[in-house]
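Trainee: Once you've had a glance at the structure underneath, I'll fire off some questions.
The values are calculated or read from the model by the stated rules, or taken from the named source; none is laboratory data. Keep in mind it's a predicted model, so treat the numbers as computed, not measured. Here the Cβ positions follow ideal geometry from the backbone for every residue, glycine too, while neighbour counts run over all protein chains shown. Surface areas here come from the heavy atoms of the whole protein model, side chains and all, with no ligands, DNA or RNA. Shrake-Rupley method; radii C 1.70, N 1.55, O 1.52, S 1.80 Å.
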Amino acid sequence: MTARSTGEKSVSETSHSAIYLASAEGETGKSTIALGLLAQLSATGGRIGVFRPISRTPDGKDDYILELLLAHDSVGLDYADCIGVTYDDVSKDPEGALSVIVDRFHAVQEQCDTVLVVGSDYTDVGNPSELSYNARIAANLASPMVLALRASDRTPEEVRGLAVHALAEVSAAYATAVAVVVNRVDPARLEATRTALEGLGPEFWVLPEDPVLSAPTMAELAQALNGKLYSGDAELLDREALHAMVGGMTAEHVLERLSDGMVVIAPADRSDVLLALVNANVAQGFPRLAGMILNGGLKPHPMIDALVRGLNPTLPIIMCEQSTYETGRIVAHTRGRMANQSARKIEASLALMEHYIDGPALMAELDLAIPPVVTPQMFEYQLAARAKADRRHIVLPEGEEPRILRAAAQLVARGVARLTLLGDPEKVGAQLADLDLELPGVDIIDPLNSELTEQFAVEYAELRKHKNVAMDRARDLMRDVSYFGTMMVHMNLADGMVSGAIHTTAHTIRPSFEIIKTKPGVATVSSVFFMCLSDRVLTYGDCAVVPDPSAGELADIAISSAETASAFGIDPRVAMLSYSTGESGSGAEVDKVREATALVRERAPELLVEGPIQYDAAVDPSVAATKMPDSPVAGQATVLIFPDLNTGNNTYKAVQRSANAIAIGPVLQGLNKPINDLSRGALVADIVNTVAITAIQAQASQTKD
């Protein structure tokens, strides 16, 4: 990134290595902005640190924002390293506290390329005003500031007045605010608020109020009420209570007023309301509640208690001692926090920041020094950004699997791809309700009852007539989700497919061999893993498909892997791996690699390729200088081709576990259209990444067409 100065200073002299996020008051939703900034910083590369200049305790153990950010941080600093001083320290000696903050910040900065500094939380740091003190800290850290302002219960003109006052305070402390994020804006006033802020100087972005972000979870309500779980699934206490209602009327009128995410308050002796809600929560056509609170210190009648326990409801039901009025008051005034385990809030925050803030523009305003490395977070961000730039339609055959649904919710919220799920709509709906998820705009198709099944069967029978496939057999196969999903891709009803979370690799990719087939000129379908190390991304092939490739198949794998790497922004330098380097070894396995290398050079003379070569000589410059000093690949290989599946599969898993690398894949290559297989142990993040990769492959496939 070039500096904005017109002089002759270098980037390192004019750019910054820290961002200071400060708020002008409480309840600005600063944690939402901090999480989004951290995601943006991680995407730019390098080692990202987090620093809290002022915290409640010296070790920061009760600092939920710090805990949240460190869990998503790419450096792995300890809590104690990330704390400056306490509020008591500032109150006793503001000047001395400032000196300690600066010293401790620089200790963190030495370990990182960029540091996100998150200012204090308005717990009275003393005099002068808290914003002014944060601005003084930012000035002493030579850090540009991002200001967070709260717009809730304010008109656009009032927001402008607040912004003018806050910017004046920052300027008076000799700090510089380069961006302002106005959060919690009434969605109906977004444009009016933007207009009101024009001409104030720094860049302004506005974020609409999202009820999920301020809603307390059932666990937080239980804590505020000092209540106990009477019945239900303890894991569902993490559900957000979006609305509250006192169930003081008869059961039928309570049922009329229910809405998704509601918590209902009622005394425990209201047996009619208790039983009605327990049953309504699992009934078709009724909203899914966040939970129920039984107040007054009463217990349900023994017969009602026995009935509820016999029903074994999952709906969280909390018991508390307070009166109905006091319970309602506490519930109404309990604000949710975005803790590290708040998956729904985290997803909503990231989606909000991605949608309403121009990340590259914000990074440009901050004028950060960007290190020339590619971190796992940067690679994953780039995948999502490329997929979003030209959204593709991906079918997910395992639509009833909870991990798939969680991933789908993230993909929809972030706008990465259009999705279709396969499965029984009722079962999918029940799973979504249990997981407290929504999938707006996502189609759900049941191959057992779809009108497409017969059409697909006719097409499949025609494709496989040389194998004498009968229509009855074709119909049976099209009721299988893998065949149905693959046929959707073949018939251009979807651009790609991702499956394998609960199915074997063979079950996922066999239909593609029969229906999609290989690209012209490609004889071998293979796979790669993108291995995201701390400072670079390597491409490993083949670690999942071809057990014992011949020399010709190995050459196919190498050429396909280089093309895949290049398509994802990795400059391909291909290393054909063996237990021997250069001409030093002999034997059938080494000879196979040597022959495959010669074939690659013949078929793709533009590729930089070396082989046979050992792994250390391929990736370690010091070893390469001894073993292959004149090679343009040795020591800097980016595409590593293993001689067989046994070696490749074990190596990628060893590197993944021992080096804490993120392994993205397997990514299938060589097919006419993108079909990708998941590991059955795939995490939600793995599924999200694989869908993004599949969407990017679909973009490239259409470009070639």
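Trainee: Exactly one of (1) part of a loop (DSSP other than H, G, I, E, B); (2) buried (at least 21 other Cβ atoms within 10 Å of the Cβ) is unmet by Val159. Its number?
Mentor: The single condition Val159 does not satisfy is (1).
Trainee: Working carefully through the options Glu198, Glu220, find the one that is within 19 Å of Asp358 (Cβ to Cβ), of a type in the set (D, E, K, R) and either crowded, with 18+ Cβ neighbours inside 10 Å or more than 27 Å from the chain's Cα centre (by Cα) (or both).
Mentor: Glu198
Trainee: Restricting attention to segment 248-290, report how many residues are in a loop (DSSP other than H, G, I, E, B), under 16 Å from Leu315 (Cα atoms) and open to solvent by less than 70 Å² (accessible area, probe 1.4 Å).
Mentor: To start, the set of residues in segment 248-290 that are in a loop (DSSP other than H, G, I, E, B) comprises 248-250, 257-261, 268-270, 281-290.
From the residues that got through so far, the ones that are under 16 Å from Leu315 (Cα atoms) too are 258-261, 268, 281-284, 286-290.
Then drop every residue that is not open to solvent by less than 70 Å² (accessible area, probe 1.4 Å), which leaves 258-259, 261, 268, 281, 283, 287-290.
Matching residues across segment 248-290 total 10.
Trainee: Hey, which of the helices (runs of 4 or more DSSP H) in segment 169-241, taking only ones fully inside, have at least 1 residues that are in contact with a strand residue (DSSP E or B) (Cβ under 6 Å, 6 or more places away or on another chain) and at pLDDT 90 or above?
Mentor: 190-196, 218-225
Trainee: What helices (runs of 4 or more DSSP H), lying completely within segment 304-372, carry at least 3 residues that are at pLDDT 90 or above?
Mentor: Hits in segment 304-372: 324-333.
Trainee: Determine, yes or no, whether Met488 is in a strand (DSSP E or B) and not aromatic (Phe, Trp, Tyr).
Mentor: Considered against the rule, which asks whether it is in a strand (DSSP E or B) and not aromatic (Phe, Trp, Tyr), Met488 comes out as no.
Trainee: Can you find, within segment 552-568, the residue that is farthest from Ile693 (Cα to Cα) among those that are surrounded by fewer than 18 Cβ atoms within 10 Å (Cβ to Cβ) and touching a helix residue (DSSP H, G or I) at 6+ places or on another chain (Cβ under 7 Å)?
Mentor: Gly552
Trainee: Now for a different question. Within segment 591-612, track down each residue that is more than 12 Å from Leu554 (Cβ to Cβ) and either open to solvent by less than 80 Å² (accessible area, probe 1.4 Å) or touching a strand residue (DSSP E or B) at 6+ places or on another chain (Cβ under 7 Å) (or both).
Mentor: Arg601, Ala604, Leu607, Leu608, Glu610
Trainee: In this structure, does Glu110 turn out to be surrounded by fewer than 14 Cβ atoms within 10 Å (Cβ to Cβ) and modelled with pLDDT under 80?
Mentor: Judged against the criteria, Glu110 is not a match.
Trainee: Go over the candidates Ala457, Ala407, Ala413 one by one and state the one that is open to solvent by 40 Å² or more (accessible area, probe 1.4 Å), in contact (Cβ under 8 Å) with a residue 12 or more places away in the chain and outside any loop (DSSP other than H, G, I, E, B). So that I can check it myself, show each step before the final result.
Mentor: Details: Ala457 fails: open to solvent by 40 Å² or more (accessible area, probe 1.4 Å); Ala407 fails: open to solvent by 40 Å² or more (accessible area, probe 1.4 Å).
Ala413 is the lone residue from the list that is open to solvent by 40 Å² or more (accessible area, probe 1.4 Å), in contact (Cβ under 8 Å) with a residue 12 or more places away in the chain and outside any loop (DSSP other than H, G, I, E, B).
Trainee: Given the criteria crowded, with 21+ Cβ neighbours inside 10 Å and touching a Leu at 6+ places or on another chain (Cβ under 9 Å), does Leu147 qualify?
Mentor: yes
Trainee: Only one of Leu437, Leu477, Leu448 is of a type outside the set (Val, Ile, Thr), assigned to a loop (DSSP other than H, G, I, E, B), over 30 Å from Arg344 (Cα atoms) and under 35 Å from the mean Cα position of the chain (by Cα); which?
Mentor: Being of a type outside the set (Val, Ile, Thr), assigned to a loop (DSSP other than H, G, I, E, B), over 30 Å from Arg344 (Cα atoms) and under 35 Å from the mean Cα position of the chain (by Cα) holds for just one of Leu437, Leu477, Leu448, which is Leu448.
Trainee: Here's something else I'd like to know. Take the residues in segment 384-400 that are part of a loop (DSSP other than H, G, I, E, B) and under 22 Å from Ala698 (Cβ atoms), then tell me which one is most open to solvent (accessible area, probe 1.4 Å).
Mentor: The selected residue is Arg391.
Trainee: Select, from Thr539, Thr581, the only residue that is within 30 Å of the chain's Cα centre (by Cα) and crowded, with 23+ Cβ neighbours inside 10 Å.
Mentor: Matching residue, one of Thr539, Thr581: Thr539.
Trainee: Right, here's the next one. Given the conditions (1) under 30 Å from Leu352 (Cα atoms); (2) of a type in the set (A, V, I, L, M); (3) open to solvent by 40 Å² or more (accessible area, probe 1.4 Å), and given that Leu448 satisfies all but one, which numbered condition is not satisfied?
Mentor: (1)
Trainee: Under the condition of being touching a residue at least 60 places away in the same chain (Cβ under 8 Å) and among the charged types (D, E, K, R), which residue from segment 666-705 is surrounded by the fewest Cβ atoms within 10 Å (Cβ to Cβ)?
Mentor: Here the residue is Arg680.
Trainee: Which of the residues that make up segment 138-156 are part of a helix (DSSP H, G or I) and either modelled with pLDDT under 90 or at positive phi (or both)?
Mentor: Ala138, Ala139, Asn140, listed by residue number.
Trainee: Touching a residue at least 60 places away in the same chain (Cβ under 8 Å) and open to solvent by less than 10 Å² (accessible area, probe 1.4 Å): is that true of Ile662 in this structure?
Mentor: Criteria not met by Ile662.
Trainee: Right, here's the next one. So which residues in segment 613-645 are in contact (Cβ under 8 Å) with a residue 24 or more places away in the chain and open to solvent by 60 Å² or more (accessible area, probe 1.4 Å), if there are any at all?
Mentor: Step one: of segment 613-645, the residues in contact (Cβ under 8 Å) with a residue 24 or more places away in the chain are 613-615, 617-619, 627-628, 632-634, 636-645.
Scanning segment 613-645 gives Tyr615, Lys627, Pro632, Gln636.
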